[in-house]
Amino acid sequence: MTDEPSAEPAVVEGTVLETAQATTPAVRPSAIVLRGDQDEFDHKQLSTLALISPGLANAPRGHLAMFFHYCVRTGLDPFARQIYMIGRTNWKAADNPDEPEKTWTIQTGIDGFRTVAHRAAAKAGESISYEDTVYYDSEGNAHEVWLSKAYPAAVKVTVVRGTARFPFIARWDEFAPTYFDRKAGAYVVAKMWQQMPAHMVRKCAEAGSLRMAAPQDLSGVYTDEEMERADAEAVVRDGEEATRRLREAAGLEAGKSSGDETKDGPADDAASAEKPAPKKRRRPAKKEAAPVPDAQAEQDQDPPKRKPRKRAEPDRVAS
């Protein structure tokens, strides 16, 4: 037996501690790393998060505390953009004063979902596995691989945790985001969803299945693909709001143009009635030519009398 310390580092609950004979210098934590003794973000951390997501600078303190809670619970790094919080305009606030102006959503990528689910299963002594993905066409026929150029109608992903199965079906109509294309004059599917339709809707189905498999760790968290439809709707609402304001500034009724017609008849009757008709510029009146006098009438008329001129008296010669 010897009392000399072992050259191998000691391990305490999965954390490697340095020994006296360790030659590798200790790595100091950065100023923004989340520490175990804090219960909310400090000033430096909030300043850094505001650079990553500018909208967080105006986030309420309660929502920031909730975001901190999700970062700790999931173990994802917000400074590496593994998890983030996004604020969106709440359109219900326009009609209901009790509604907040913004709604805040905790989001992450599909890789973050996989990391959290596998970590939660490992803590419980279980494993995560997948059954074969099933793709469905518009007729309801199942396909093992999607090879059609058309969009899949739905995708089914089943996550298996231990002995429990968690199937989830994502429909194309429920998740695919659409935007208004001004050139085409119609709503079109987002570019990435056009290029990889089966892959994008599959990630939505996988996220829903993983959330059911690890609800304690993933409830309240959404993937980017799941929220793209909400982002598209926000863009459309912003465009509609901007159009309404322009029409109000122009004196037109919101949501209707002067040439549009509705079921009840021509649109903007009230607006057109209030708007005065443009005044026409008046042309100067033509001068009437003086009537030419008749020659016979001139002869019949007496000539104008002339006043007699006074004769000048001759100068008298002095005698």
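The values are calculated or read from the model by the stated rules, or taken from the named source; none is laboratory data. Predicted model, so just to flag it, every value in this text is computed and none were measured. So basically every Cβ, Gly included, is an ideal-geometry build from the backbone, and we count neighbours across all protein chains shown.
Within the stretch 195-230, work out how many residues are among the polar types (S, T, N, Q), surrounded by 22 or more Cβ atoms within 10 Å (Cβ to Cβ) and touching a helix residue (DSSP H, G or I) at 6+ places or on another chain (Cβ under 8 Å).
Residues of the stretch 195-230 among the polar types (S, T, N, Q): 195, 209, 216, 219, 223.
Imposing the further condition that a residue be surrounded by 22 or more Cβ atoms within 10 Å (Cβ to Cβ) reduces the set to 209, 223.
In the following step, the residues that additionally are touching a helix residue (DSSP H, G or I) at 6+ places or on another chain (Cβ under 8 Å) were identified as 223.
Qualifying residue count, the stretch 195-230: 1.
Residue pairs, Cβ under 8 Å, 6 or more apart or interchain, first in the stretch 49-75 and among the hydroxyl-bearing types (S, T, Y), second in a helix (DSSP H, G or I). List them. Partner pairs satisfying both residue conditions: T74/G112; T74/V116; T74/D217; T74/L218. Among the residues making up the stretch 29-78, those that are of a type in the set (D, E, K, R) and loosely packed, with under 12 Cβ neighbours inside 10 Å are R35, D37, D39, K44, R61.
Screening D111 on (1) within 24 Å of A170 (Cβ to Cβ); (2) buried (at least 17 other Cβ atoms within 10 Å of the Cβ); (3) modelled with pLDDT of 90 or more shows it passes everything except condition (2).
The residues of the stretch 142-160 that are of a type in the set (V, I, T) and either more than 30 Å from E126 (Cβ to Cβ) or part of a loop (DSSP other than H, G, I, E, B) (or both) amount to a single one, V145.
Going through R88, R81 one at a time, which residue ends up being in contact with a helix residue (DSSP H, G or I) (Cβ under 8 Å, 6 or more places away or on another chain), at pLDDT below 85 and surrounded by 13 or more Cβ atoms within 10 Å (Cβ to Cβ)?
Values: R81 fails: at pLDDT below 85.
Sole residue among the options that is in contact with a helix residue (DSSP H, G or I) (Cβ under 8 Å, 6 or more places away or on another chain), at pLDDT below 85 and surrounded by 13 or more Cβ atoms within 10 Å (Cβ to Cβ): R88.
Being basic (K, R) and touching an Asp or Glu at 6+ places or on another chain (Cβ under 6 Å) is the filter here; which residues of the stretch 65-100 pass it? Residue satisfying the conditions is K92 alone. Candidates in the stretch 179-201 are the residues that are aliphatic (A, V, I, L, M) and in a strand (DSSP E or B); of these, the one that is modelled with the highest pLDDT is V189.
Which condition breaks for A120 when tested against (1) touching a residue at least 12 places away in the same chain (Cβ under 8 Å); (2) closer than 19 Å to M212 by Cβ; (3) touching a strand residue (DSSP E or B) at 6+ places or on another chain (Cβ under 6 Å)? Evaluating A120 over (1) touching a residue at least 12 places away in the same chain (Cβ under 8 Å); (2) closer than 19 Å to M212 by Cβ; (3) touching a strand residue (DSSP E or B) at 6+ places or on another chain (Cβ under 6 Å) leaves (3) as the failure.
Within the stretch 58-86, the residues that satisfy the criterion of being closer than 19 Å to T103 by Cβ and either assigned to a loop (DSSP other than H, G, I, E, B) or under 18 Å from the mean Cα position of the chain (by Cα) (or both) are N58, A59, P60, Y84, M85, I86. Candidates are the residues of the stretch 161-178 that are part of a loop (DSSP other than H, G, I, E, B) and within 26 Å of the chain's Cα centre (by Cα); the one that is nearest to S127 (Cα to Cα) is A176. Hey, could you check the stretch 179-190 for residues that are among the aromatic types (F, W, Y) and within 21 Å of A153 (Cα to Cα) and say which is farthest from the chain's Cα centre (by Cα)? Among those that are among the aromatic types (F, W, Y) and within 21 Å of A153 (Cα to Cα), it is Y187.
Scanning the stretch 84-105 for residues that are within 17 Å of G62 (Cα to Cα) and of a type in the set (A, V, I, L, M) yields a count of 2.
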